[in-house]
Amino acid sequence: MMSILAILLCMMAVIALGHLIYESVIAPNKRMLLRTELLLIQIQLKQIDIAELNDNDKAVYHIINESITNLMVRLPNLDLSLIYEMKKQYDGNAKLRERLAKRHQMVLAIKHPTLKALLEHSQTILTTVFKVNIGAWAMWILPLVAISITMSNVQQFTASIMTATAKQIRYFIPSSEIDDELLIS
């Protein structure tokens, strides 16, 4: 029977291999697909007649176009650590917060339905980008969470049987196994 450490070592090797495959094959392909979707949004954006837009929608048109371009350039780097750094900058700069709040109000006031749909689609893609970029970490975090939950359950169980009598322990562990242990020691 394999020891717990050997099982953990094998699990870590499998997870590391999965991480390698995800980061070198799966994630780049997904990013390429998302970049293609962003290019399609830009093409659809270019097909909108700017002359038909009101002043606010014209400004939002340019905001969306610029945002999509920035997103395409930074696609592989958008992850939780970047969000954390951006949040620190946002919290520490009142002027930046004020400018972004104004831009956000402009975006919320969009009247053109196609422009609104393209914005919503680009926001969906941004969410997907974050999922793709942190996907490999889920392979490491989920087993750790599972181990933590298992250990917590084991601790609760052992605490509940800690005061068991020898007769009750024999109920949990067949007597032949206990006798074998006693003979060895």
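The values are calculated or read from the model by the stated rules, or taken from the named source; none is laboratory data. Computed from a prediction, not measured in an experiment: that's the story for all the values here. FYI the Cβ positions are ideal-geometry reconstructions off the backbone, even for glycines, and counts take in every protein chain you see.
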Among the residues of segment 27-80, which ones are more than 24 Å from Phe130 (Cα to Cα), among the polar types (S, T, N, Q) and in contact (Cβ under 8 Å) with a residue 12 or more places away in the chain? Asn54, Asn56
Out of the residues in segment 37-84 that are over 13 Å from Ser122 (Cβ atoms) and of a type in the set (Val, Ile, Thr), which is modelled with the lowest pLDDT? Ile50
Please count how many residues of segment 30-55 are surrounded by 11 or more Cβ atoms within 10 Å (Cβ to Cβ) and part of a loop (DSSP other than H, G, I, E, B). 3
Output for Cβ contacts, cut-off 9 Å, separation at least six or different chains, first residue touching a residue at least 40 places away in the same chain (Cβ under 8 Å) and charged (D, E, K, R) in segment 104-116, second surrounded by fewer than 18 Cβ atoms within 10 Å (Cβ to Cβ) and part of a helix (DSSP H, G or I), reads Lys111/Asn56
Check off (1) assigned to a helix (DSSP H, G or I); (2) surrounded by 13 or more Cβ atoms within 10 Å (Cβ to Cβ); (3) modelled with pLDDT of 90 or more for Leu8 and give me the number that stays unchecked. (3)
Matching residues in segment 61-94 - criterion: being polar (S, T, N, Q) and farther than 30 Å from Ala136 by Cβ: Asn65, Asn93
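Yes/no matrix, rows are residues, columns are (1) surrounded by fewer than 10 Cβ atoms within 10 Å (Cβ to Cβ); (2) over 30 Å from Leu34 (Cβ atoms):
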| site | (1), (2) |
| --- | --- |
| Ala117 | no, no |
| Trp140 | no, no |
| Pro143 | no, no |
| Ser152 | no, yes |
| Met162 | yes, yes |
| Ile173 | no, yes |
